[in-house]
Amino acid sequence: MTTTIQVALGERAYPIHLGEGTLALLPEMLAGLSRKTVIGLVTDSNVGPLYAERVTALLGEAGLRSVVHTLPAGEAQKRLARIEEICGAFLEGGLDRSSVVIALGGGVVGDVAGYAAASFMRGIPFLQVPTTIVAQVDSSVGGKTAVNHPLGKNTIGAFHQPRGVIIDMTLLKTLPLRELRAGLAEALKHGVIADEALFAFMEEHAPAILDLDLPALETPVRRSCEIKSAIVAEDEKEHGLRANLNYGHTFGHAIESVTEYKRFLHGEAIALGMCAAGTLARNLGLVDAAFVARQRACFEAYGLPVTWKELPVEDCLVAMRKDKKVRAGTMKFVVATSMGAVVQRTDITEDQARAAFDAVRAGT
């Protein structure tokens with residue numbers, strides 16, 4: 001059975017098709033988007049060998065030719081040089097303004113392919129086919145596309161909404177356990193910011209979810225898409241409400257930056273960031289110690305890091321000041337007021353942020 005969630009953005013509205021076997025919907029979706037028979041397929045060295053041939057065969061049966069560009073896997077590929085390479089491959093392969101790009105992979109592939117689609121010929125349509133949990137529950141929805149700069153994560157990019165998202169739960173069967181755990185951090189985040197029932201479901205069903213029980217796993221994926229779609233529909237370009245989705249990210253992005261995106265997967269860094277954000281909220285008197293302990297215990301149940309004894313606090317504070325969320329020199333923090341509710345604060349001092357990082361380093 002396929003569940004369809006609509007991202008309500010007026011003329012730019014698009015569907016998220018979620019279920020088992022939904023990859024088969026790809027030719028039908030493309031038929032309504034392109035008059036061109038050449039499709040750009042961007043994937044990476046992990047996902048390409050598993051699924052690119054299946055996708056190109058589907059397209060071939062529909063009379064569509066694929067130009068496949070395979071990125072090396074990893075966050076380090078989110079850089080401008082890759083955009084130039086992709087656009088070059090598209091030009092050599094015969095893509096033009098009537099073509100469509102498919103992003104087949106995780107969050108890195110979606111971000112890079114989406115930004116390439118936003119840039120090529122000043123913008124052509126693209127579809128997201130996320131193959132990881134983090135991409136399915138977060139990065140494939142909402143139209144944020146970007147690459148990193150050595151001085152900051154996702155600082156070069158564009159808002160470019162996909163024309164559709166195809167979430168085929170069966171593609172997760174080849175996902176490494178570490179990637180699964182890291183992606184589930186983003187689903188847990190959605191529970192913290194907007195839905196206590198989702199957080200409680202994930203607490204209760206952790207063993208089944210980690211065992212890739214697809215019916216159990218579909219619940220956090222579906223609820224995450226519903227939550228993010230509703231937020232994006234209300235605040236597409238992050239002028240207000242959408243910033244709630246950055247819970248844990250102000251701290252987590254700093255951790256990713258100082259480790260050059262090599263030590264932690266994105267979701268692992270965000271789990272550490274959410275631990276820091278929880279401590280910050282407790283220190284501000286917004287939540288109690290029980291909230292911090294509950295959040296931490298759930299992260300531990302999913303095998304996510306909750307402490308890092310080598311955390312370079314001062315380096316992280318420097319990286320935090322360069323975050324793209326800084327406005328007029330002011331950093332915005334998202335902090336919880338209860339499980340399922342958050343507020344945004346711009347009055348956090350560096351000492352308060354330092355204390356939150358210190359707690360993660362100390363494991364308290």
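The values are calculated or read from the model by the stated rules, or taken from the named source; none is laboratory data. Quantities reported herein were computed from a predicted structural model and do not represent experimental measurements. For neighbour counting, all protein chains shown are included, and Cβ atoms are generated from backbone atoms with ideal geometry for every residue, glycine included.
Quick check: anything in the range 59-70 over 20 Å from Thr174 (Cα atoms), of a type in the set (A, V, I, L, M, F, W, C), outside any helix (DSSP H, G or I) and modelled with pLDDT of 95 or more? Yes, the range 59-70 contains a residue that is over 20 Å from Thr174 (Cα atoms), of a type in the set (A, V, I, L, M, F, W, C), outside any helix (DSSP H, G or I) and modelled with pLDDT of 95 or more. Among the residues of the range 3-30, the ones that are part of a helix (DSSP H, G or I) and within 20 Å of Ala52 (Cβ to Cβ) come to 9 in all.
When Gly363 is tested against (1) out of contact with any Ser or Thr (no Cβ under 6 Å at 6 or more places or on another chain); (2) on the phi > 0 side of the Ramachandran plot, exactly one condition is not met: (1). Note on the range 111-160: residues that are of a type outside the set (Gly, Ala, Ser), buried (at least 24 other Cβ atoms within 10 Å of the Cβ) and either assigned to a helix (DSSP H, G or I) or in the same structural domain as Leu184 (by TED's automatic domain parsing) (or both) amount to 8.
Counted as qualifying within the range 214-317 are the helices (runs of 4 or more DSSP H) with 3 or more residues that are farther than 16 Å from Met339 by Cβ and free of Cβ contacts under 8 Å to residues at least 24 places away in the same chain, namely 214-234. The test for being at pLDDT 95 or above, in the same structural domain as Arg223 (by TED's automatic domain parsing), surrounded by 14 or more Cβ atoms within 10 Å (Cβ to Cβ) and within 27 Å of Ile227 (Cα to Cα) holds for Val335. Please verify whether Ala355 is of a type in the set (Gly, Ala, Ser), farther than 30 Å from Arg223 by Cα, over 24 Å from the mean Cα position of the chain (by Cα) and not assigned by TED's automatic domain parsing to the domain that holds Glu75, treating the condition exactly as stated. In short, yes.
Looking only at the range 31-54, residues that are in a loop (DSSP other than H, G, I, E, B) and in contact (Cβ under 8 Å) with a residue 40 or more places away in the chain come to 6 in all. Among the residues of this structure, Glu236 counts as one that is touching a helix residue (DSSP H, G or I) at 6+ places or on another chain (Cβ under 9 Å) and surrounded by fewer than 23 Cβ atoms within 10 Å (Cβ to Cβ).
For beta carbons closer than 6 Å, sequence separation of 6+ or different chains, a first residue in the range 145-168 that is among the polar types (S, T, N, Q) and modelled with pLDDT of 90 or more and a second that is in a strand (DSSP E or B) and buried (at least 18 other Cβ atoms within 10 Å of the Cβ), the qualifying pairs are Thr145/Gly157. Restricting Val292, Val287 to those that are surrounded by fewer than 22 Cβ atoms within 10 Å (Cβ to Cβ), closer than 27 Å to Asp323 by Cα and either among the acidic types (Asp, Glu) or over 16 Å from the mean Cα position of the chain (by Cα) (or both) reduces the list to Val292. With respect to Val192, is the statement that it is touching a residue at least 60 places away in the same chain (Cβ under 8 Å) and either crowded, with 23+ Cβ neighbours inside 10 Å or in the same structural domain as Ala233 (by TED's automatic domain parsing) (or both) true? Criteria met by Val192.
Determine whether Gly74 is touching a strand residue (DSSP E or B) at 6+ places or on another chain (Cβ under 9 Å) and either buried (at least 17 other Cβ atoms within 10 Å of the Cβ) or on the phi > 0 side of the Ramachandran plot (or both). Answer is yes for this residue.
Do we have any residue at all in the range 21-31 that's touching a Lys or Arg at 6+ places or on another chain (Cβ under 8 Å) and of a type in the set (A, V, I, L, M)? Yes, the conditions are met somewhere in the range 21-31.
Return a yes/no flag: does the range 201-212 have any residue that is touching a Cys at 6+ places or on another chain (Cβ under 6 Å), at pLDDT 95 or above, surrounded by fewer than 23 Cβ atoms within 10 Å (Cβ to Cβ) and of a type outside the set (Gly, Ala, Ser).
As a first pass, look at the range 201-212 and keep what is touching a Cys at 6+ places or on another chain (Cβ under 6 Å): 203.
When the remaining residues are screened for being at pLDDT 95 or above, the result is 203.
This time we only want the ones that are surrounded by fewer than 23 Cβ atoms within 10 Å (Cβ to Cβ), so: 203.
Those left that are additionally of a type outside the set (Gly, Ala, Ser): 203.
Scanning the range 201-212 turns up at least one residue that is touching a Cys at 6+ places or on another chain (Cβ under 6 Å), at pLDDT 95 or above, surrounded by fewer than 23 Cβ atoms within 10 Å (Cβ to Cβ) and of a type outside the set (Gly, Ala, Ser).
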